[in-house]
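As structure tokens, the structure follows; a few thoughts come after it.
The values are calculated or read from the model by the stated rules, or taken from the named source; none is laboratory data. These numbers come from a predicted model, not from an experiment. No Cβ is skipped: glycine too gets one built from the backbone with ideal geometry, and neighbour counts run over all protein chains shown. These accessible areas exclude ligands, DNA and RNA; they are computed on the full protein's heavy atoms, side chains included. Shrake-Rupley method; radii C 1.70, N 1.55, O 1.52, S 1.80 Å.
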Amino acid sequence: MDSINRAVAQLLEENRQFFNGRPIAFDGVVDEATFLKTDLKTVFLLKEINDPNMSKDWTNFMENTKQQAYEDTMYKTWPNVCLWVEALRNPSVNYSDCVDAYGNFATKKLQRNILEVAIVNIKKTAGGGSSSHDEILDAATKYGHVIRTEIEECIMPNLVICGGTFDYAKVIYQIKEHEIHTLPSGAQYFCKNNIIYLRFVHPVWFSVNRNILFAYAKTVFSEVRKLFPLH
């Protein structure tokens, strides 16, 4: 186990009392070596795993995610994450560069992008494809300090992309309205301890076509990068 994920696992083990005896899904970085090489270390803050019947600790969540980077198909959450990482890393990329001749997601070309990021779930116990607002809010309220420690002290990113979780992040960090800033695109963010938390859509939000979301991502991420003094 990589050192970052080992630190996350230790943190969650030390705080098992907050999970009411239920099995835990251990999250963290997908691939530590790749993550540490990136100039803009990025966390995707999501709600919960999709495993309502989880009967034991999901210790291999990150390893399973890593393995999906090498498979012919990817679980439905990750193609959009890979597309958005491409837009974040390569401002000049076009959507046509990310699909094949038939308009399908170019899995072989982009799947390794998942190795560059960390995944943090707010609710660490069993969840489903449709999350309960009250359950996610309860997790953010009861053990928000654990999530803060996981992000700030274990993973230490520059950017947290809140995939449908921005309002929960505000609860975790007890953010006041005057602490929220707006980018020219209209996207909101706040900054805590030199980490930017960005409001964004959930990776499986299909109300808007993928190519339109990609164009939006390019615009927002271009604005976000200007907030960092990167070389």
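Kindly check whether there is at least one residue in the range 203-222 that is open to solvent by 50 Å² or more (accessible area, probe 1.4 Å), free of Cβ contacts under 8 Å to residues at least 12 places away in the same chain, within 23 Å of P79 (Cα to Cα) and not polar (S, T, N, Q). Checked the range 203-222: at least one residue is open to solvent by 50 Å² or more (accessible area, probe 1.4 Å), free of Cβ contacts under 8 Å to residues at least 12 places away in the same chain, within 23 Å of P79 (Cα to Cα) and not polar (S, T, N, Q). A217 meets the conditions (1) under 16 Å from the mean Cα position of the chain (by Cα); (2) part of a loop (DSSP other than H, G, I, E, B) in every case but one. The failed one is (2).
Please count how many residues of the range 34-51 are under 23 Å from G144 (Cβ atoms) and more than 13 Å from the chain's Cα centre (by Cα). Here the count works out to 2. Looking across the range 13-37, the residues that are in contact with a Ser or Thr (Cβ under 8 Å, 6 or more places away or on another chain), within 29 Å of W84 (Cβ to Cβ) and outside any helix (DSSP H, G or I) come down to I24, A25, F26, V30.
Just a yes or no: is a residue in the range 188-206 over 16 Å from the mean Cα position of the chain (by Cα), over 11 Å from W84 (Cα atoms) and of a type in the set (S, T, Y)? No: the range 188-206 contains no residue that is over 16 Å from the mean Cα position of the chain (by Cα), over 11 Å from W84 (Cα atoms) and of a type in the set (S, T, Y). Of the residues in the range 184-199, at least one is more than 16 Å from A169 (Cβ to Cβ) and touching a residue at least 24 places away in the same chain (Cβ under 8 Å).
Every condition in (1) out of contact with any Ser or Thr (no Cβ under 9 Å at 6 or more places or on another chain); (2) open to solvent by 70 Å² or more (accessible area, probe 1.4 Å) holds for I195 except the one numbered (2).
Has the range 130-152 got at least one residue that is of a type in the set (G, A, S), within 26 Å of C82 (Cβ to Cβ) and open to solvent by 70 Å² or more (accessible area, probe 1.4 Å)? Within the range 130-152 (the criterion being of a type in the set (G, A, S), within 26 Å of C82 (Cβ to Cβ) and open to solvent by 70 Å² or more (accessible area, probe 1.4 Å)), the answer is yes, since at least one residue qualifies. Of the listed requirements (1) open to solvent by less than 40 Å² (accessible area, probe 1.4 Å); (2) at pLDDT below 95, I175 misses just one: (2). Of the residues making up the range 38-64, just one is under 23 Å from E86 (Cβ atoms), touching a residue at least 60 places away in the same chain (Cβ under 8 Å) and exposed (fewer than 14 other Cβ atoms within 10 Å of the Cβ), namely D39.
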